[in-house]
1. Could you work out what % of the accessible surface of the chain is carbon and sulfur, using a 1.4 angstrom probe and leaving DNA, RNA and ligands out of the count?
2. Taking the Cα centre of the range 190-249 as origin and charging only Cβ (+1 Lys, Arg; -1 Asp, Glu), how large is the dipole, in debye to the nearest 20?
3. How high is the relative contact order of the range 297-442, given as a whole-number percent (alpha carbon pairs under 8 Å, six or more residues apart)?
4. Going toward the positive end of the dipole of the chain, with +1 on Lys and Arg Cβ and -1 on Asp and Glu Cβ, which of Ile172, Gln320, Pro363 do you reach last?
5. In whole Hz and in residue order, list the ³J(HN,Hα) couplings for the range 198-205 that follow from phi through the Karplus curve 6.51 cos²θ - 1.76 cosθ + 1.60, θ = phi - 60°; x for Gly and Pro.
6. Report the Cα-based extents of the range 175-286 along its three principal axes, largest first, to the nearest Å.
7. Starting from 0 in steps of 5 Å, tell me what percent of the Cα-Cα pairs of the range 530-599 lands in each bin.
8. To the nearest 10 square angstrom, how much accessible area does Met245 have with a 1.4 angstrom probe?
Amino acid sequence: MERERTQKRLLKIVEISPVLKEIMLSSDGVEIKRKKIRGFLSEMLTATFEDDPKIPPLEWIMTRDAIGVFRNILSKRSERLAGYGLLAYVNDLLNGKDLKGVKKPAPGFLAELEHLFRGITGNTRIYSEKAPAFLKHEGQKAARLRSADLSRMNRTAQKFLDRYPCGLDKKIIRKRSVNKARILKHFGATEFEWDDWKWHTRHIIRGVETLSSLIKLTDEEYQAVKLAREYRIPFGITPYYLSLMDYEPGREKDYAVRAQVIPSLHYVEKLKELRERSEYSMDFMLERDTSPIEGITRRYPGIVILKPVLTCPQICVYCQRNWEIEDVHSSNAAISKDKLEKALKWIEDTPEIHEVLITGGDPLILSNAKIENMMYRLSRIKHVERIRIGTRTPVTLPQRITDSFVRDINHFHNPGKREVIIITHFEHPYEITPQAMAAVQKFRRYGMEVYNQLVYTINTSRRFEAVALRQKLRLIGVTPYYTFNTKGKEETDDYRVPIARLLQEQHEEARLIPGTVRTDEIVFNVPGLGKNYLRAVQHHDVISILPDGRRVYEFHPWEKKLFLADTYVYTDVSIYEYLKRLKAAGEDTAPYKTIWYYY
Ligand code: SF4
């Protein structure tokens, strides 16, 4: 029964192309079928070059892309890299007599296959409307019609943008002052103490009982935090960041803020399991293989990462360094003076290094004196022209950015000689507050640039959500810099977003805003190799679709045209499952329908 249902569904998919159906249902062996399908794809590709009327206008672009993907998937090299052959799998499902031992295809697999076949045959059904009216006219008439179309497009975008509340909205500011009063009352503290960043680090909320007395938690949130503490998974929230969370549960507006620090049960259980599995390396980014000396990571010719401290005022659930971090704001997380000195000496002895990113953890949890010393040492190294400070304190602890601190580090920002820049990490417009803006403006007043790195998680990936963030960031003086694909870490599966969604966001949403706002680059941080620019289609390939609906990608190293280097094979999250999760969170997934045609 089950087998028949699968076959029926598959038959419907292959019927999209009568030629493919004939090939797939023939009695030929898999290799003959492979050959015949390749021939068919070549003919289809030729048709796209010949301006064949069979393929509707513009569909030819998608046809060409889909053919490229299908050809890749059919290649023996791809099959070797993915460790599985899609053609033989589909052949078994369609023609096999005994399906025992053959994995059942997930709905995500069938959905991918259907869209691939639709793409190949110029049948995506994306263009439901007739050609726009302005194409039939010239001059001002055409311009007016086009202008009306553009306004319509903008109004549609605005409807999405209006869904995302910002911490600068008056209503939200009022709500947060009530939250602050509640937290201050709980700790018996004063406004004066609230403005002192050290008061916040002394009162980081770590226990579930304190947390649940300050905001209402769902049962799952309560359980997850309780277990995180039991399993010694770093957990903590600064009182300031807690004031950004709404009192009521339900995550109606504060979903991105809560999800940033309150782990899911899946995350907690999975992380515990992975830590116990000896063969699993938590070091997903292969930092151990890129660290020439303790405290330093090097993936590029002229840039190094200096890690003086391995903790933050609070830990982001998806943090790539969660395997190194012992606890939130733990006292022994700073590397020893001796090791820091050796790391600085290494930079001094490596004249090719022109740029140092001080990160960790969050280096701004160190004392002013320690930071100044480190900056002083770096400023004495002639070949270091740029010092970047990676910090999320403008978001989690803006009180840390005092006038005197900014004045002190500004000594090292010396135009024409050395630049000091700040790289921060806002995830959502709900995190942008008057306090965060004031922190950013302090750096800007001294001429220091502030850039943002966004990690694209399910909580920031709704239609136009990243656009809303970019627009507000620019208004407070922050330049969008990178948008990162979430790391392929199993414990963060709940957070991950398919690569296709990043591409869709860039092409259909970010593209609508001015270039001065959409300044960020979408990247995949390839473990051990560094950033892969996702926008450049020639830097990655889809090489397979697994029975569970996940795409397999092959990423090219950034230096591929300079040196011989390995490629990196990566299994993404299923588009189908991602859309399902969005739907479960109340999102209408119809406006995401073109996601399948991004590769
Ligand atoms: S701020 Fe950065 S280093 Fe700190 S927990 Fe978040 S992602 Fe990790």
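The values are calculated or read from the model by the stated rules, or taken from the named source; none is laboratory data. Because the structure is a prediction, the values reported are computed rather than measured. Here the Cβ is made from the backbone with ideal geometry for all residues, glycine too, and neighbour counts use every protein chain on show. We work out accessible area using only protein heavy atoms, side chains counted, and drop any ligands, DNA or RNA first. Shrake-Rupley method; radii C 1.70, N 1.55, O 1.52, S 1.80 Å.
1. Of the solvent-accessible surface of the chain, carbon and sulfur hold 52 percent.
2. Dipole magnitude for the range 190-249 comes out near 360 debye.
3. 23
4. Of the options given, the answer is Ile172.
5. 6, 4, 5, 5, 6, 10, 4, 7
6. The Cα atoms of the range 175-286 stretch 50, 30, 24 Å along the principal axes, largest first.
7. All Cα pairs, binned at 5 Å, distribute as 3, 14, 21, 19, 16, 13, 7, 4, 2, 0 percent.
8. That residue has around 0 Å² of solvent-accessible surface.
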